[in-house]
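Working notes for the structure below.
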Amino acid sequence: MKIKIKELEELVRKVLQTKYSSDEVELMLPVIMFAELSVTKSHGIVRVPAIVNKKPISKPEVKEKTKVSNIIDGNGNPGMLVGGIACNEVMSLAKEFGIGIVGTRGSVSSSGCLSYYVEKIAKEDLIAVVMARAPGDVAPYKGLERLFGTNPIAFGIPADKGPLIFDMATSAISWGAVDNARRNKQLLPDMVAVDEDGIMTNDPQEALDGAFLTFDNSYKGYGLAMMIEILAGVLPGADFLDLGEGDEWGNLFLAIDPKTLSSLDEFKTKVRLMIEKVRKSKSIDGKDIRIPGEKRLLLRDNFVNRGIISVDEKVFEEINRLEKHNNK
Amino acid sequence: MKVLLNELKNVTLKALKNYGYDSKESKVISDILLYAQLRGNNQGVVKLIGNGIPKRKDGKRPKVVKTSPAIALIDGNKTHAMIVMDLETDMVIDKAKKIGVGVVGNFNTSESTGALGYYVKKIADKGLIGVAFASAPFQTTAAYGSSEALFCTNPMAYGIPTEKDPIILDMSTSAIAYYGLIEAKTAGKKVNEGIGYDEKGNPTTDPAKIMSGAIKAFSGHKGSGLALVVQVLASALVNADYFNSKSNNAGNLVMAINPSFFVSKNQFKKDVTKMVKKIKSSRKLKGVKEIYLPGERGNLQYQKALKSGFVEIEKNLYEGLLNAAGVK
């Protein structure tokens, strides 16, 4: 079904407000809307019921560690709220000291689309690196146990005419995509998962019983998945390899002010020149070379301009019911 | 062929002396080259054969041109890149110990930095997390979808302290390291399929043709995105040149994070060690005897060489080295 973006946003705001303070809602809402509008639906409004139904134990706490670093204890709050706080914290640290590092632990759900955070940070003329560890789906290279999460890493780099955004999962496929294929009885692409015996499979259920592969099915992707498990899991004191109790997400947010190393204007000009040089480099199929992040941001911008988006009717109805029920 | 470890060390130092380095400089470069050589990494003594690495006559002492508590920028002043990067490594260790994090970059070096694993291991040996990026304006690698060499091989490395050997992930973002091509060419071998293009953009397995054509970024658009990010961080950000094979102004970036500013140092090492044990003991694919950690196989090879006192080295390569040392 189609709906005005403003209306959708208002509905999500209202339902979130039944459980969270206005400040908290304004941190989560843009993360959810970014995913919905950039057609990363698995992190969009579909997450709202769980966020509203799962009541946190207490508020997230910011614990100062050093001048340039903080840890945020999520205290059982949704990852998108904890991520929103971490994002603001890391920006203020980097603006004051040239660099900031913020770790998070104790989130009970995903921090959402990392592109959202790195775009926000890069638009403030800071370089952003954001990572997330999640409960396990992915086997190490040559292994078949689900040890690592889909463990994404994203970079945001300030540039003329808008930042360069690069956001990648270290897994070959996301949990959402596999779950979606299972529900819609579709096959998975080749080389993304193995069944419980370690045989390559295209069957989503077999993949869920077995393990996903890293994006390259090789030692580099496996190494990166492990580094993210360490930097966004072990370092901030969150869970790792699901050795703790219950599902716990963790993050690492890093922001660097490019002015500490370069002239900001020159840097932004250079990055834009690099992007255009890559785009126009000699192509194999005659098409422009794809620049990371552009497709996603373009989708988002187009929806924002049109003001209308199509959403999953069932999800929408559920949120509507929840809002009416909670606001009774 | 088998060579005495001590002989290899002596010949390496002699070759460096012939290239014009004093004994202190030779020691640094030789340590970095042998770190790679003894671990079966192709960033070893191959760098000393052929044109080798003659000391630049116009080189001066590296100079810190920008500094703040956590960050610094160095003008390499045409000193050998390994010497400059080693200095950066010492600086980030110092900063991370004091303030929790350190980032130091350089520009104005022209040689390859060698195996980045060396630098991040040095950081991890101090109980800190090390991250390193290296780039150069030298164009060897094409973006995904292109056959035009734009990027350098743009490696990155991570070093993680554990209760035993640190975990060292050292990877180029290209499908093969440039020295992998040189090594294959020297040995008269072809490289694997799917790694690169000749000058006209046709796929080839001839290392010489790939050197005049382009290496692919590793694993499609994700590897290509990482290549672009490394090029930004280790060239544009640190005032080095990019996408210009004629330029001698290359750059690097090193970072250290002190885990004891987040969780206690012992807790971090303990948790990473726990992670390692879990990975090593996890179920394996059929026919797989062992799941190796990043850097583990190299370490095993290194320990073997230390124990036996002998090193296995390719014959043409060793003869080239003897030539460079002037002992043949």
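The values are calculated or read from the model by the stated rules, or taken from the named source; none is laboratory data. Values in this document were obtained by computation on a predicted structure and should not be read as measured data. Reconstructed Cβ throughout: ideal geometry from the backbone, glycine too, with neighbour counts over all protein chains shown. What goes into the accessible areas is simple: the full protein's heavy atoms, side chains included, and nothing from ligands, DNA or RNA. Shrake-Rupley method; radii C 1.70, N 1.55, O 1.52, S 1.80 Å.
Taking R0 as 41 Å, what FRET efficiency do you get between B:Ser212 and A:Lys63 from their Cβ-Cβ distance, rounded to the nearest 0.05? Please report the intermediate quantities before stating the final value.
Working: r = 55 Å, r/R0 = 1.34.
According to the calculation, E is roughly 0.15.
Please list B:95-104, B:231-240 highest first by mean number of surrounding beta-carbon atoms within 10 Å per residue. Present the calculation step by step, with values, prior to reporting the outcome.
Numbers: B:95-104: 23.7, B:231-240: 27.3.
Highest-to-lowest ranking by the protection proxy: B:231-240, B:95-104.
Using Cα-Cα distances under 8 Å and only pairs 6 or more residues apart, what relative contact order does chain A have, in percent?
Details: 709 pairs, mean separation 70.9, N = 328.
Relative contact order, chain A: 22 percent.
Tell me, what ³J(HN,Hα) does each residue in the range B:282-288 have, in order and in whole Hz, if you take phi through Karplus 6.51 cos²θ - 1.76 cosθ + 1.60 with θ = phi - 60° and put x for Gly and Pro?
6, 5, 10, 5, 4, x, 8
Classify the protein assembly as shown as rounded, prolate or oblate, taking a ≥ b ≥ c as the square roots of the eigenvalues of its Cα gyration tensor: rounded when a/c is under 1.5, otherwise prolate if a/b is larger than b/c and oblate if not.
prolate
Ignoring ligands, DNA and RNA, please state the percent of accessible area on chain A from carbon and sulfur, probe 1.4 Å. Walk me through the intermediate numbers first.
Details: 6650 of 13400 Å².
Carbon plus sulfur share of accessible area: 50 percent.
Where in the range B:93-114 does accessible area fall by at least 30 Å² between the isolated chain and the complete protein assembly, at a 1.4 Å probe radius?
Going by heavy-atom accessible area, the residues of the range B:93-114 that drop by at least 30 Å² are B:Ile99, B:Val101, B:Val103.
Out of B:Ala81, B:Pro62, B:Val311, whose Cα points farthest toward the positive end of the dipole of chain B (charges: +1 Lys, Arg; -1 Asp, Glu; placed on Cβ)?
It is B:Val311, whose Cα lies furthest towards the positive end.
Excluding residues on the same chain fewer than 8 positions from B:Lys270, give the lysines whose Cα lies under 17 Å from its Cα.
Within the straight-line cut-off, B:Lys270 pairs with B:Lys126, B:Lys164, B:Lys278, B:Lys280.
Need the C-alpha centroid separation for the range B:204-218 versus the range A:49-102, integer Å.
When both Cα centres are located, 45 Å separates them.
For peptide B:59-69, how many partner chain Cβ atoms fall within 10 Å of a residue's Cβ, on average? Working shown, then result.
Details: counts 0, 0, 0, 0, 0, 0, 1, 4, 1, 7, 5.
Mean inter-chain Cβ contacts per residue within 10 Å come to 2.
Pick from A:Thr18, A:Thr170, A:Thr66 the residue whose mean-square fluctuation is largest in a GNM of chain A, springs joining Cα atoms under 10 Å.
Comparing A:Thr18, A:Thr170, A:Thr66 in a Gaussian network model of chain A, the most mobile one is A:Thr66.
Just to confirm my numbers, what's the Cα centroid distance between the range A:276-324 and the range A:119-171 in Å?
18
Taking H placed 1.01 Å from N in the peptide plane, check which residues at least 5 places from B:Gly196 or on another chain put their amide H under 5 Å from its amide H.
Distant-sequence amide H within range of B:Gly196: B:Thr204, B:Lys216.
Can you classify chain A as rounded, prolate or oblate using the Cα gyration tensor, where a ≥ b ≥ c are the square roots of its eigenvalues, rounded means a/c under 1.5, and otherwise it's prolate if a/b beats b/c and oblate if not?
Numbers: a/c = 1.17, a/b = 1.04, b/c = 1.13.
Note, shape of chain A comes out rounded.
Explain nothing, just the number: dipole magnitude of the protein assembly as shown about its Cα centre with +1 on each Lys and Arg Cβ and -1 on each Asp and Glu Cβ, in debye rounded to the nearest 20. Walk me through the numbers before you get to the answer.
Details: 91 positive and 75 negative charges, 262 e Å.
About 1260 debye.
Which of A:Ile256, A:Met274, A:Val234 sits closest to the plus end of the dipole of the range A:170-318, meaning its Cα is farthest towards the positive end, when Lys and Arg get +1 and Asp and Glu get -1 on the C-beta?
The listed residue farthest towards the positive side: A:Met274.
Mind checking the dipole of the range B:64-261: about its Cα centre, +1 per Lys or Arg Cβ, -1 per Asp or Glu Cβ, Debye to the nearest 20?
So the magnitude is around 120 debye.
Just A:Gly176, A:Gly103, A:Gly221 to compare: in a GNM of chain A, with alpha carbon springs under 10 Å, which one fluctuates most?
Top of the fluctuation ranking is A:Gly176.
Kindly provide log₁₀ I(q)/I(0) values, in the same order as q = 0.15 Å⁻¹, from the Debye equation applied to equal alpha-carbon scatterers of the range B:64-261.
Debye output, listed in q order: -0.86.
With θ taken as phi - 60° and the coefficients 6.51, -1.76 and 1.60, list the Karplus ³J(HN,Hα) couplings across the range B:55-62 in order, rounded to whole Hz; mark glycine and proline as x.
In residue order, the calculated couplings are 5, 6, 5, 8, x, 10, 5, x Hz.
Explain nothing, just the number: relative contact order of chain B, from Cα pairs under 8 Å at least 6 residues apart, as a whole percent.
It rounds to 23 percent for chain B.
Would you please give the FRET efficiency between B:Ser245 and B:Arg297, computed as 1/(1 + (r/R0)^6) with r the Cβ-Cβ distance and R0 = 41 Å, to the nearest 0.05?
Values: r = 33 Å, r/R0 = 0.80.
That gives a FRET efficiency of 0.80.
Other chains' Cβ within 10 Å of A:255-266 residues: what's the mean?
Numbers: counts 0, 8, 2, 5, 3, 10, 17, 8, 1, 0, 0, 2.
Going residue by residue through A:255-266 and averaging, the value is 5.
Total Å² of accessible surface buried at the B-A contact, 1.4 Å probe, nearest 100?
Numbers: alone 16680 and 16620 Å², together 26930 Å².
The summed interface area works out to 6400 Å².
Between A:Arg182 and B:Lys17, what FRET efficiency comes out of the Förster formula 1/(1 + (r/R0)^6) with R0 = 56 Å and r the beta carbon distance, rounded to 0.05? Provide the component values of the computation, followed by the final result.
On the way: r = 65 Å, r/R0 = 1.16.
Once the sixth-power term is evaluated, E becomes 0.30.
For every helix of n ≥ 4 consecutive DSSP H residues, a contribution of -39,500 (n - 2.57) applies; sum these over the protein assembly as shown, divide by its total residues, and give [θ] at 222 nm rounded to the nearest 500 deg cm²/dmol. Before the final figure, lay out the partial values.
Values: 21 runs with 257 residues, N = 656.
Only helices count here, giving -12000 deg cm²/dmol.
Per residue, how big is the convex hull of the range B:85-129 when only Cα atoms are used? Give it in Å³. Before the final figure, lay out the partial values.
On the way: hull volume 2.7 nm³, N = 45.
Considering the Cα atoms of the range B:85-129, their hull volume per residue is 61 Å³.
Roll a 1.4 Å probe over the protein chains and send me the accessible area per residue for the protein assembly as shown in Å². Don't skip to the answer; put the middle values down first.
On the way: 26930 Å² over 656 residues.
Heavy-atom SASA per residue in the protein assembly as shown reads 41 Å².
Report, as an integer, the average count of C-beta atoms from other chains found within 10 Å of each Cβ along A:316-328. Walk me through the numbers before you get to the answer.
Details: counts 0, 0, 0, 0, 0, 0, 0, 0, 0, 0, 0, 0, 0.
Rounded to a whole number, the mean comes out at 0.
Summarise the accessible area of chain B (1.4 Å probe, protein heavy atoms) by the percent that is carbon and sulfur. Kindly include the intermediate steps, with their values, before the conclusion.
Values: 6660 of 13530 Å².
About 49 percent, which is the carbon plus sulfur part of the accessible surface.
Tell me which lysines have Cα within less than 21 Å of B:Lys57's Cα, excluding those fewer than 8 residues away on the same chain?
B:Lys14, B:Lys17, B:Lys24, B:Lys27, B:Lys47, B:Lys78, B:Lys246
Would you mind classifying the range A:139-183 by shape? Square roots of the alpha carbon gyration tensor eigenvalues, ordered a ≥ b ≥ c; an a/c under 1.5 is rounded, otherwise it is prolate if a/b is larger than b/c and oblate if not.
Numbers: a/c = 4.71, a/b = 1.91, b/c = 2.47.
Judged from the Cα gyration tensor, the range A:139-183 comes out oblate (a/c at least 1.5, b/c at or above a/b).
Mind telling me which of A:Glu89, A:Glu145, A:Glu313 comes out most flexible in a GNM of chain A, alpha-carbon contacts under 10 Å?
A:Glu313
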